[in-house]
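Below: one structure, written as structure tokens.
The values are calculated or read from the model by the stated rules, or taken from the named source; none is laboratory data. The structure displayed is predicted, hence computed values, not measured ones. Cβ: placed from backbone, ideal geometry, glycine included. Neighbour counts: every protein chain shown.
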Amino acid sequence: MAQLSDTDTDESTPVVDELRDEIVARLRADLGDAVVDVHQVPQVDLWVRVTPESWRAAGEALRAQGFDYFCFLSAMDWMPSPFGDGENDPTEEVEEDPAASEIRQGYTGGDTRFQMLARVTDTRRHVSVTLKADLPQHDDGAMSIESWIPVYAGANWHERETHEMFGISFDGHPDLRNMYLPGDFEGYPLRKDFPLLARLVKPWPGIVDVEPMPASDDDEGDDS
Amino acid sequence: MTMLSERQQMSYIAAQAADARLNVELETEGMTLNIGPQHPATHGTLRIIARLDGEQVVWAEPSAGYMHRGYEKLTEVRTFPQVTALINRIDWLGSFANEVPFILAAEQLMNIEAPPRAQHIRTILFELSRIANVSLFLGDLGVQMGAVTPVFMAFRDREYVLNLIEGATGGRFHPNFDRIGGLKDDLPKGWLDETRQVMKKLRNFCDEIEDLLFGNEIFQSRTRGIGVIPADVARQYGLSGANLRASGVDWDLRRDQSLPLAYDKVDFRVWTHPDGDSWARCWIRLQEVREATKIVDQLIETLPPGPVMTKVPRIIKVPEGEAWVSTENPLGEMGYYVVSKGDLGPFRVKIRSASFNNISITPWVLKGVYVPDIITILASLYFILGDIDR
């Protein structure tokens, strides 16, 4: 059973996670330079970023290590939404912040706006890995990466969904039909530059919701 | 395993018949059968298109998406506390269980933990939603095969559990009770005694269903040896929950991972079954309801005193980072990949729902089965439409 870090351990001593260290070492041995970056929260989770060319090879290497349970596959759009957070008060003046429109990738970094995201689990060692890969866009904006179906058959529907929502095509996928949207739908809904029309037409009152109720301001109200 | 050999015999006869047809040069034509989107066996609006050769399915393709609500997009324009109202509606029969992994992911990012009493109550409510969810499955199972009685028993006994959930949270179906840092409220007075009574009723219900349904000869012949999923295929497709354990994989997130929930304080058994057929999947779920009632009983006895909420700021901002938390929900592994950029709301939430993976195996498992078996296999895989489409 995988244990979270003991509360007794001194905070100054770094927590050692031999299991995850070993996984990374074996991945590096299998893939070499294709492992770009690793982020580890000892005893909790592991993120590995690989090059897009070795996306399938990374899946195969993990599978060979015993990661036989396919959890999910998806993508990330790291561009901040040009339409704002959506939860702010629309009447409020917004300060222009150049940092707010900067693309900032999460754990394990990256260079591209879009990234692949997949997670696989080893059901014997009780450990999981989140795999990431950059997705370079071609001149026409199209993106493609190798399909994972030969490695994990369950990736089929996940790739269809990712294709539909992000516009990423998967080489070797037999059937990239839309799952949810009509076949002639234009646009990719989960991209950040796809507007959520309902929010544009009638903005959410947002911050009003979390303001204290008038009654809770005085302390006389009985707190049962 | 006599049923298996009988089935093999049947397919042998079918093959002979096909040969005979060829020999007299009779042209046979396949047929496309459309099941759903509105069909009692589809639990909502899942449509299945099956290509038939006689009574046998050549290929089948489920067509989801009739109920897509775009939750992943909607979470991006909500604050963290508002998201629970949305994700409640993913698996609507076990709503509270949907809230827990998301709240845990947010807490992990904020580096806080709910007080022990809140963790305990969360686990109790989590298991109660499992009981409410799976007991309905057990009743519904009969209807799929023409036995109408069990479903009335299931609705009767699920009502007791829903009353408990309503008593504690105020909502029968959509509690929206879990908060970042704890729970909205403590349990009401007298709730624990009532829960003890209800757990006894539910164990009786399990015994009744076992006698009435699982001991039934028709039920056995409709499910034994049908829709067999081997362990490695199940893992490859990401099947989870009872579907995976019915294929002999000993994997239960309640036991196999450490989360701030009270599962490490109780003693329960994770059931597995080696067969991987429809019967095994149903049987595992029956055992899981029983285990869940035992877990609830134990947790009630050891409920620690104390507050149910830690100190959290009134306006919750979640620090930048990424977190994945999944729990063993009634339908299987339900997880959220939460990415925060330090704002009021999540930057992105990837929702990994159990039914999506559980149903994606249907083209594989329905290949070669007979038409009536489509219904029992779908029933035993057990999906909720909201959990596929999200």
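Run B:Ala323 past the list (1) farther than 24 Å from B:Ile90 by Cβ; (2) not in a helix (DSSP H, G or I) and report the number of the one that doesn't hold.
(1)
Can you tell me which of B:Ile300, B:Ile295, B:Ile316 is hydrophobic (A, V, I, L, M, F, W, C) and within 11 Å of chain A (Cβ to nearest Cβ)?
Among B:Ile300, B:Ile295, B:Ile316, only B:Ile316 is hydrophobic (A, V, I, L, M, F, W, C) and within 11 Å of chain A (Cβ to nearest Cβ).
Of all residues being facing chain A (nearest Cβ under 10 Å) and among the acidic types (Asp, Glu) in segment B:330-383, which is nearest to B:Asp250 (Cα to Cα)? Just the residue, please.
B:Glu333
Being in a loop (DSSP other than H, G, I, E, B) and either out of contact with any helix residue (DSSP H, G or I) (no Cβ under 6 Å at 6 or more places or on another chain) or surrounded by fewer than 24 Cβ atoms within 10 Å (Cβ to Cβ) (or both) is the filter here; which residues of segment B:91-114 pass it?
Hits for segment B:91-114 are B:Trp92, B:Leu93, B:Asn111, B:Ile112, B:Glu113, B:Ala114.
Would you call B:Phe126 over 22 Å from B:Lys200 (Cα atoms) and part of a helix (DSSP H, G or I)?
No: the conditions fail for B:Phe126.
Could you figure out which of (1) hydrophobic (A, V, I, L, M, F, W, C); (2) at the interface with chain A (Cβ under 9 Å from one of its Cβ atoms); (3) closer than 21 Å to B:Ser326 by Cα isn't true of B:Val77?
Failed condition: (3).
Please work out which residue is nearest to A:Tyr69 (Cα to Cα), limiting yourself to segment B:210-232 and to residues that are away from chain A (no Cβ under 14 Å) and among the aliphatic types (A, V, I, L, M).
Checked segment B:210-232; the qualifying residue nearest to A:Tyr69 (Cα to Cα) is B:Val228.
Which one is nearest to A:Phe83 (Cα to Cα), of the residues in segment A:191-204 that are more than 10 Å from chain B (Cβ to nearest Cβ) and in a helix (DSSP H, G or I)?
A:Leu200
Among the residues that make up segment B:351-364, is at least one of them modelled with pLDDT of 85 or more, surrounded by 24 or more Cβ atoms within 10 Å (Cβ to Cβ) and part of a strand (DSSP E or B)?
Among the residues of segment B:351-364, at least one is modelled with pLDDT of 85 or more, surrounded by 24 or more Cβ atoms within 10 Å (Cβ to Cβ) and part of a strand (DSSP E or B), which makes the answer yes.
Go through B:Leu259, B:Leu244 for me and flag whichever is part of a loop (DSSP other than H, G, I, E, B) and in contact (Cβ under 8 Å) with a residue 40 or more places away in the chain.
So the residue among B:Leu259, B:Leu244 that is part of a loop (DSSP other than H, G, I, E, B) and in contact (Cβ under 8 Å) with a residue 40 or more places away in the chain is B:Leu259.
Could you list all residues from segment B:326-346 that are in a loop (DSSP other than H, G, I, E, B) and either over 22 Å from the mean Cα position of the chain (by Cα) or farther than 29 Å from B:Arg130 by Cα (or both)?
Scanning segment B:326-346 gives B:Lys341, B:Gly342, B:Asp343, B:Leu344, B:Gly345, B:Pro346.
Go through segment A:157-190 residue by residue and tally those that are free of Cβ contacts under 8 Å to residues at least 40 places away in the same chain, within 14 Å of chain B (Cβ to nearest Cβ) and under 18 Å from the mean Cα position of the chain (by Cα).
Counting residues in segment A:157-190 that are free of Cβ contacts under 8 Å to residues at least 40 places away in the same chain, within 14 Å of chain B (Cβ to nearest Cβ) and under 18 Å from the mean Cα position of the chain (by Cα) gives 6.
Pull up segment B:282-320, narrow it to residues that are among the polar types (S, T, N, Q) and part of a loop (DSSP other than H, G, I, E, B), then point me to the one that is modelled with the highest pLDDT.
The extreme case among them is B:Thr302.
Hand me the list of strands (runs of 3 or more DSSP E) wholly inside segment A:4-96 holding 2 or more residues that are modelled with pLDDT of 85 or more and within 13 Å of chain B (Cβ to nearest Cβ).
Fully inside segment A:4-96 and qualifying: A:45-50, A:69-77.
If I go through segment B:249-274 residue by residue, how many of them are touching a Lys or Arg at 6+ places or on another chain (Cβ under 9 Å), surrounded by 19 or more Cβ atoms within 10 Å (Cβ to Cβ) and under 28 Å from B:Ile377 (Cα atoms)?
Going through segment B:249-274 one residue at a time, the tally reaches 5.
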